[in-house]
1. So, taking all protein chains as they sit and a 1.4 Å probe, how much accessible area belongs to Arg139, in Å² rounded to tens?
2. If you take the C-alpha gyration tensor of the stretch 276-419, multiply each eigenvalue by 5 and take the square root, what semi-axes do you get, largest first, in whole Å?
3. Using a 1.4 angstrom probe with every protein chain in place, what is the largest-first accessible-area order of Thr505, Thr111, Thr202?
4. Using only alpha carbon positions, build the gyration tensor of the chain, then give the equivalent ellipsoid semi-axes as the square roots of 5 times its eigenvalues, largest first, whole angstrom.
5. Which cysteines does the chain leave without a neighbouring Cys Cβ under 4.7 Å?
6. Distance from the Cα centre of the stretch 231-268 to that of the stretch 421-499, in angstrom?
7. Looking only at the stretch 428-447, which residues have a backbone nitrogen under 20 Å from a spot 7 Å from the Cα of Ser509 in the C-beta direction?
8. Rounded to the nearest whole Å², what accessible area per residue is found for the chain with the 1.4 Å probe?
Amino acid sequence: MSDSESSRGTWGSQLEFILTSIGCSVGLGNVWRFPYLTYTSGGGAFLVPYFICLLIIGIPLFCLDISFGQFTSLGPVAAAGNISPIFKGVGMCMVTVMGLIMIYYSVVIATCIHYFFASLTDVLPWTDCLNEWNTCNCRQDTNDTDYLRNTYLNCTQIDNTGSAFSPSEEYYTNFVLGVTSGIGEAGGFQWRLVLSNLLTWTIMFFVLIKGVKSIGKVVYVFTILPYVLLTVLLVRGLTLEGYYEGIKYYLDPNLNRIAEPRVWADAAVQIFYSTSTCSGALIAMASFNSFKNNTFRDSFMIPIINALTSFYGGFATFAVLGFMALKKGVLVSEVTKQGPGLAFVVYPEALSKMPAAPFWSVLFFMMMMSLGISSMLTGVETVASAFMDEFPALRKGKNTYICRGIICFCGFLLGLPQVTQGGSYILNLMDTFVGGFPLLFAGLFEIIVLVYIYGFKKFSSDIKMMVGDTQFAKYSYYGFFLWCWTIITPAAIFAVIISKCIDYTPIISEPTYPPWSETLGWFLVMTPIILIPGYALYYLVRYWKTQSFSQMFKPTPQWGPLLPENRTGVYADMGVELNSKENGIENGGGEINPSYVTEKE
């Protein structure tokens with residue numbers, strides 16, 4: 001085995017890959033995004049389109065991703081460049097999407113870290129209205145008059161008939177975020193979040209310092225721990241008064257909603273979040289697999305575990321929301337929010353009303369930190385692997401530490417605008433725009449390249465080299481993946497794209513989001529997508545004199561298994577040819593890329 005091959009690393013066991021894939025997919029969205037979508041999209045009825053989309057979109061794309069990565073032992077950019085040089089931009093699109101997600105994802109984890117340390121006290125700081133960050137509109141409940149005793153305020157001469165805010169909401173907006181009037185007003189840095197974000201990226205660097213070898217060890221903690229803590233919180237939630245109303249509200253089916261296209265589009269997009277498909281992460285993580293790993297088995301097992309985790313997490317969330325609604329004397333719908341509002345306002349408020357509140361708050365935010373870190377580890381490593389596959393010298397010696405260090409430092413710097421007083425608006429903008437259309441287009445073009453351009457029969461033959469010709473593989477292939485990859489999945493993704501275009505609502509809302517913020521949002525959408533046609537145009541202009549048009553779409557000589565011992569069958573002759581190269585290989589368009597050189601043994 002060559003130095004370049006051994007330096008990529010492999011998983012210590014197959015369990016490490018399974019836990020990493022689960023940790024990659026099961027993240028913060030399982031706590032705040034899936035439960036909210038469920039109750040707003042028909043309650044228990046939402047599970048019908050969700051699991052159908054899992055079957056026809058999630059599982060087929062998951063198998064496509066991990067089979068692609070495992071077969072080539074390369075990250076998304078290098079693998080895409082080998083199978084169809086002109087479509088290398090598909091891999092670039094995936095990595096760019098993942099990079100953008102990691103920039104704002106780290107800020108969410110930083111907020112969890114802040115709340116974790118803030119919970120290490122006798123009384124949670126968001127328990128009452130007697131703090132310097134509170135206003136005269138702060139209320140613990142409808143009859144609360146504690147705000148009158150706030151020594152930082154004089155509320156006796158103020159008309160308080162306007163909107164009331166809970167202590168947890170004012171703690172989050174006034175103290176943690178220090179929010180401004182809108183995205184156009186940045187304000188100053190929130191130094192607690194700056195330091196927490198620095199800690200987040202420092203953790204990333206030290207955990208990833210040895211790449212896949214270190215990830216494989218820490219996932220035993222960061223992937224398993226959230227399940228333990230989630231179960232503890234669920235048991236606690238089921239002992240609270242009002243839990244039944246919360247769970248009933250979560251599951252109460254509204255079958256009329258199933259007929260709405262928006263519900264199906266939301267279910268499909270949530271599948272991309274629940275499985276992490278088409279973000280490049282699964283391709284990168286699978287590239288460290290054993291060549292003979294059964295990708296068909298993993299493609300059914302891991303997405304189903306991820307989907308059930310989302311469903312399971314909803315019980316813990318809505319049991320607490322039911323308790324919260326009872327305490328406030330309102331309906332569950334009136335205490336339920338989406339995104340950060342659920343994690344950093346509603347849930348902390350409910351925790352503050354429990355006996356031994358700091359203890360439960362520590363457990364909750366420890367779970368949130370673990371969920372976030374396990375997902376972020378794979379995301380950052382995906383970006384690092386993409387650079388190292390393109391520039392193999394980065395895998396040698398201290399260069400690998402420098403590469404990961406630069407990536408982490410850049411991630412921290414790019415996240416600084418989101419830890420200003422107006423940063424929460426930027427974070428919400430990125431969360432709204434980055435995860436939808438870019439992932440859908442990446443998934444559609446991945447199918448086009450692998451199934452239609454390279455060829456379904458060829459790719460299926462490549463998979464059989466890995467998994468063998470067992471009965472399970474035959475049933476999976478002929479009975480399911482054959483129809484999904486060629487017809488059902490691309491048609492479903494295309495339908496979702498059309499549906500989202502028809503139902504799209506601009507984010508514009510003065511003064512929070514002025515018109516120019518809509519333009520910024522679409523710039524974030526188009527940045528990764530434009531890489532697909534952009535690189536194709538670049539490749540066409542650069543190599544139109546040395547390659548025929550049809551050759552630009554065909555695999556390069558480097559396409560196939562990376563390791564010489566796995567280059568059998570149609571790839572055996574290619575392996576001999578590659579081994580004879582001493583100074584590098586021409587990569588499709590005439591570029592020398594020594595990362596694909598294999599040494600004679």
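The values are calculated or read from the model by the stated rules, or taken from the named source; none is laboratory data. Computed from a predicted model, the values in this text were never measured in an experiment. A quick note on method: Cβ atoms are made from the backbone with ideal geometry, for glycine too, and the neighbour counts reach across all protein chains shown. Please note that ligands, DNA and RNA were not included when accessible areas were found on the heavy atoms of the full protein model with its side chains. Shrake-Rupley method; radii C 1.70, N 1.55, O 1.52, S 1.80 Å.
1. 40 Å²
2. Largest first, the stretch 276-419 gives 38, 21, 12 Å.
3. Largest to smallest exposure gives the sequence Thr505, Thr202, Thr111.
4. For the chain, the semi-axes come out at 45, 25, 22 Å.
5. So, Cys24, Cys53, Cys63, Cys93, Cys112, Cys278, Cys403, Cys408, Cys410, Cys484, Cys501.
6. A separation of 28 Å, based on Cα centres.
7. Counting backbone N atoms under 20 Å from the label point, the list is 428-437.
8. Accessible area per residue: 40 Å².
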